[in-house]
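S.K.: My questions all concern the structure below.
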Amino acid sequence: MLQSSEAFVGNAAKGMADAGLQRALARAKPQFAKKRQAAVDRLPEFEALRDVAVGIKNHAIANLDYYLGVYADAVERSGGVVHWCSTAEDARAAVLKICRAAGAKTVTKGKSMVTEEIGLNDYLEANGIAPVETDLGEYILQLRREPPSHIIGPAFHLNREQWEESFREHHKALSPERVFHERRDILTEARGILRETFLAADVGITGANFLIAETGSSVIVTNEGNGDLTQTLPRVHVVVTSIEKVVPNAEDCLALLRVLARSATGQDMSVYTTFSTGGRRLGDLDGPEEYHVVLLDNGRSGMVGTQFQDMLRCIRCAACMNHCPVYGAVGGHAYGATYPGPMGSVLSPMLQGIEAAHHLPNASTFCGKCESVCPVKIPLPNLMRHWREREFERHLQPVSMRYGLGLWAWFAKRPLLYRMGTRAAAVGLGVLGRKRGFFGKLPLAGGWTAGRDFPAPEGDTFFAKYQNYMRNK
Amino acid sequence: MNRDAIIGAIQRGLKRGSLPVDQQAMLAARTALHHRHLIPARGQLDAAGRVALFAQYVEREFGTVARLPNIAAGPEAITSYLAKQNIAPSIVVSPHPDLEQIPFRDKPMLQVRYGVATAHDAVSLQHAFAGVAETGTLVLPSAPERPVKNNLLPDTAIVVVQAKDILACYEDAFDKLRDQGAMPRNVMLVTGPSRSADIEQTLELGAHGPRRLHVLIIDGES
């Protein structure tokens, strides 16, 4: 599903008013953080491993041209085909061509954010090919025609009743009187339905968490095993992935795996970590005959050598969104982007253009939690700040905000005036509000007082008090 | 061509052309060296510690473990496990030489078929190339004698691993793989049975892969 972030402000308000979503967020948010912390606490070397991970990704990106070349040559040597795609359109066309050549009617899909990024499902459907998502969360979203709201827990915003309702609506062949006693019954039904699809599919499409240059391998990480069935059962396996995922060798990949699952789900290791290299070998009793890699750029090469290069380290663990107070309040759909949360707020302006996505870098309190949990230490708040600067340079904010910011900047650059002004305001408001202790309405602060009272200042400004304290010390 | 366009765009970003030959040689040497990064202490144990930690982690991740003195004890261990789980005594066995030596004739009630699992097989018996103590992980590389479907399709997966093949860390397993030749087509690292927490963040076992993972650790040689 291709998306746009222009409506972020309205969508955020909707998200906060959505009782079902708020219930799901309240359930998930503390769990994500708790599980990650427990996994980190179990591994004394975790902090040191983060630095190792940063070093590996920085090395790979500083030599990305070289390693991509080595990777592609190794894929071809193992009998696979690499399709280099500059744009989302190129990638969609490449996948369609492979599916057509295979005579495919149904394709199964493992979880892949890059296929979301390029809007692959809608495109295949429009061209007469039925894509079926097999990750449980992605499957229900496909039934409900919703985009994912999270990059590793795509459907965590749904409540159990919604699962049941969608299954009853779509699985018409099953008895309408059946009862879902527990969550396990929902899972069992999906497993049964998807098993048949797996066995009938002509092409299997997966993403990749890592690409290994030396051996030309693609690596997927799942817990359900759907990615493995997707790439093992059909005759053709297509990996849709992007250029920044390449690392030099298996040892580099293994080091990154040590921080990935711990940061993501709080597992020490995901259930299935699978390295795929080419198609079926002589004597093999199973596995795909053809192996294709659709290798997408889509603006990533343009980040190399810029202040956004650090973003290319991202290994898509979702720790940043799991710990983000803004994400936790508005949910993933509000962002209107393939990648929500802090990492998405840096990436989306690159993918959609800053004009369409200019709200997203502002969807942060800059509390810094995202950076502090990022396994590859991406300075996310700083990168968002870079986008805010570009937004200002391009005059993308409302006129009143620009003037307001300009006025504030004029004062901020004149400390004496600034201190006098704030002091006058603090003392003045303190006197005016002394009786009630708060203001229900304030000129120029309607955005604040519409939802809550503004407390009246109790005395002087911090700076004045500090100066006073230093003088009397 | 797109390859040149993408590589060219990256090089423009890096503000250089293709790397000089000597630097390419340095990178090739770095790649081929297989330098190990930081290995956690728990991935550096001795043989006894490795087997104990491996078993502990398999169980932590909702698998089950049985330790057998030798492979001849396999049929008894398998039939009693299946009986306890109330599963019909019928298994598909990977055509691996070690598994072909198991004396199944001792247990005539157990139906045994060697080959690739289909959607109708409820239980598989697979051979592990290695175990990794660090996280209780099984290493299952594809090969004619180790079909991938046997890891995935049955509801219950039973996996045999020799105690001597339980290695300290993932890197040990990849060294061992390289000793055998080229990278296999498919290498699965399996840690526990299949699961999903997609429904209300609540963990349920048996999403698409096996719901049960039972590991038989063989202490002696067969």
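S.K.: Tell me whether the range A:12-24 contains one or more residues that are in contact (Cβ under 8 Å) with a residue 24 or more places away in the chain and either β-branched (Val, Ile, Thr) or not in a helix (DSSP H, G or I) (or both).
M.R.: yes
S.K.: Can you tell which of B:77, B:83 is loosely packed, with under 13 Cβ neighbours inside 10 Å, of a type in the set (A, V, I, L, M, F, W, C) and more than 30 Å from residue A:53 (Cβ to Cβ)?
M.R.: B:83
To keep it simple, each residue is scored yes or no on (1) among the small types (Gly, Ala, Ser); (2) touching a residue at least 40 places away in the same chain (Cβ under 8 Å); (3) not assigned by TED's automatic domain parsing to the domain that holds residue A:97.
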{"site": "A:218", "(1), (2), (3)": "yes, yes, no"}
{"site": "A:229", "(1), (2), (3)": "no, yes, no"}
{"site": "A:243", "(1), (2), (3)": "no, yes, no"}
{"site": "A:246", "(1), (2), (3)": "no, yes, no"}
{"site": "A:250", "(1), (2), (3)": "yes, no, no"}
{"site": "A:259", "(1), (2), (3)": "no, yes, no"}
{"site": "A:265", "(1), (2), (3)": "no, yes, no"}
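S.K.: Another question, then. Looking at the range A:128-137, can you tell me whether even one residue there is of a type in the set (Asp, Glu), buried (at least 16 other Cβ atoms within 10 Å of the Cβ) and under 29 Å from residue A:214 (Cα atoms)?
M.R.: No, because not a single residue in the range A:128-137 is of a type in the set (Asp, Glu), buried (at least 16 other Cβ atoms within 10 Å of the Cβ) and under 29 Å from residue A:214 (Cα atoms).
S.K.: Run residue B:47 past the list (1) of a type in the set (A, V, I, L, M, F, W, C); (2) under 21 Å from the mean Cα position of the chain (by Cα); (3) within 14 Å of chain A (Cβ to nearest Cβ) and report the number of the one that doesn't hold.
M.R.: In the conditions (1) of a type in the set (A, V, I, L, M, F, W, C); (2) under 21 Å from the mean Cα position of the chain (by Cα); (3) within 14 Å of chain A (Cβ to nearest Cβ), residue B:47 misses (3) alone.
S.K.: A further question on this structure: Only one residue in A:215, A:197, A:241 is part of a helix (DSSP H, G or I) and touching a strand residue (DSSP E or B) at 6+ places or on another chain (Cβ under 9 Å), so which one is that?
M.R.: Answer to the selection: A:197.
S.K.: Can you tell me which of (1) in contact with a His (Cβ under 7 Å, 6 or more places away or on another chain); (2) outside the structural domain of residue B:139 (by TED's automatic domain parsing) is the one residue B:64 doesn't meet?
M.R.: (2)
S.K.: Just to confirm my filter: which helices (runs of 4 or more DSSP H) fall fully inside the range A:337-409 and include at least 2 residues that are under 27 Å from residue A:155 (Cα atoms) and in contact (Cβ under 8 Å) with a residue 60 or more places away in the chain?
M.R.: A:341-352, A:354-357
S.K.: Also, quick follow-up: Restricting to the range B:160-187, give me the number of residues that are in a loop (DSSP other than H, G, I, E, B) and within 12 Å of chain A (Cβ to nearest Cβ).
M.R.: The qualifying residues number 6.
S.K.: Could you tell me whether residue A:432 is closer than 23 Å to residue A:346 by Cβ and touching a residue at least 24 places away in the same chain (Cβ under 8 Å)? Don't jump to the end; show me each part of the working.
M.R.: On the way: closer than 23 Å to residue A:346 by Cβ: no; touching a residue at least 24 places away in the same chain (Cβ under 8 Å): yes.
No: the conditions fail for residue A:432.
S.K.: Next question. Listed residues B:66, B:72, B:117; which is assigned to a loop (DSSP other than H, G, I, E, B), in contact with a helix residue (DSSP H, G or I) (Cβ under 9 Å, 6 or more places away or on another chain) and under 23 Å from residue B:146 (Cα atoms)?
M.R.: B:117
S.K.: Show me the helices (runs of 4 or more DSSP H) found entirely inside the range A:102-183 where at least 2 residues are farther than 21 Å from residue A:203 by Cα and not assigned by TED's automatic domain parsing to the domain that holds residue A:296.
M.R.: Values: elements: A:113-117, A:120-126, A:136-144, A:160-170.
Ranges flagged: none.
S.K.: Scan the range A:156-192 residue by residue and report those that are at the interface with another protein chain (Cβ under 9 Å from one of its Cβ atoms) and among the small types (Gly, Ala, Ser).
M.R.: A:190 - this is the single residue of the range A:156-192 that is at the interface with another protein chain (Cβ under 9 Å from one of its Cβ atoms) and among the small types (Gly, Ala, Ser).
The values are calculated or read from the model by the stated rules, or taken from the named source; none is laboratory data. Note that the structure is predicted; figures quoted are calculated from it, not measured. We place every Cβ from the backbone using ideal geometry, glycine too, and count neighbours over all the protein chains shown.
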